[in-house]
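Right, one structure below, let's go through it.
The values are calculated or read from the model by the stated rules, or taken from the named source; none is laboratory data. As the structure is a prediction and not an experimental result, all values here were calculated from the model. With ligands, DNA and RNA removed, areas are computed over all heavy atoms of the protein, side chains included. Shrake-Rupley method; radii C 1.70, N 1.55, O 1.52, S 1.80 Å.
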Amino acid sequence: MSPSSPVPPVPPVPPAARQARPIRLGPRSIGALALVSAVGVVAFGWPLIAGGESGLSAHAQDAPWLFAALLPLLLAVVVATIADVGLDAKAIAMLGVLAAAGAALRPLGAGTAGIEPMFFLMVLSGRVLGPGFGFVLGAVSMFASALLTGGVGPWMPFQMLSMGWVCMGAGLLPGPDTLRGRGELWLLAAYGSVSSVLYGTVMNLQGWPYLGGLATGVSFVPGDPVGENLGRFIAYCLATSLGWDLPRAVVTVLLSLALGPAVLKALRRATRRAAFEAQVTFEGPKA
């Protein structure tokens, strides 16, 4: 090309290419998430159908086995996502940064009266980055938070699963590519409030079986019909944890509406710049 030759115009980038899209789920990712979720459902729910003579009325004996199963399953989700969409070191770095931020936010409320500001960040991150990435982020954030606050105990693997489900659900909300503005904020706030209550309810399944054998109307009774135990469980949730779950929901809604626009913008800008799923093309030598 001679110096006087005109420079060909650069074609405009289509809006769809500039838009930050959630990291998609491939068949391997879906299979890995289904497997880890199935393990989690069994881990939470098996006491409801265990016989009274089993002697396994609590989850204290579950935790080491669940934790041992959870770590390779989380790794399987990451490996499956890498195999499906080709994630690189930039995605792993973002996972580490967001997990550290979530772990740092959690002690600010220390669970006092249900004030847990990390929930809104987990919901917004799951929305932007997708269900597979979100599940791993939620679980890793809870693991890091437990190490940071000294909250390591039989409840920790159950918290990792529950928070993973919260983030995964945010990634599965409708309109990830099209819904923006106030509509998206209200959708995320509504989901955050519901998931905050459901998180506490699911986590009650981990601690409630410890009440087996106590002479109260809300105690878990090993071997009783599932319907009767579920009735006691609902009464237990209303009498004990709802006072923490509702403030958590309110805090999540307020933070999502107040900080959501800035956080979503920052996450999407980082996702665009990282270009997680950008296609690499090679051009031949120019004449």
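Here, P(r) means the percent of Cα pairs in each 5 Å bin from 0 to the largest distance; for the stretch 152-213 it is 4, 15, 22, 19, 13, 10, 8, 5, 2, 1, 0. Protein heavy-atom accessible surface, 1.4 Å probe, per residue over the stretch 228-275: 53 Å². Accessible surface comparison of THR240, THR178, probe 1.4 Å, protein chains only, largest first: the order is THR178, THR240. Heavy-atom accessible area, probed at 1.4 angstrom with all protein chains present, ranks TRP186, TRP46 as TRP186, TRP46, highest first.
For the stretch 205-259, averaging the sequence separation of C-alpha pairs within contact (under 8 Å, six or more residues apart) and dividing by the residue count gives a relative contact order of 22 percent. With a 1.4 Å probe rolled over the protein heavy atoms of all chains, the accessible area of ILE49, ILE115, ILE234, ILE23 falls in the order ILE49, ILE234, ILE115, ILE23, largest first.
Distance distribution P(r), the stretch 148-251, all Cα-Cα pairs, bin width 10 angstrom from 0: 13, 35, 31, 16, 5, 0 percent.
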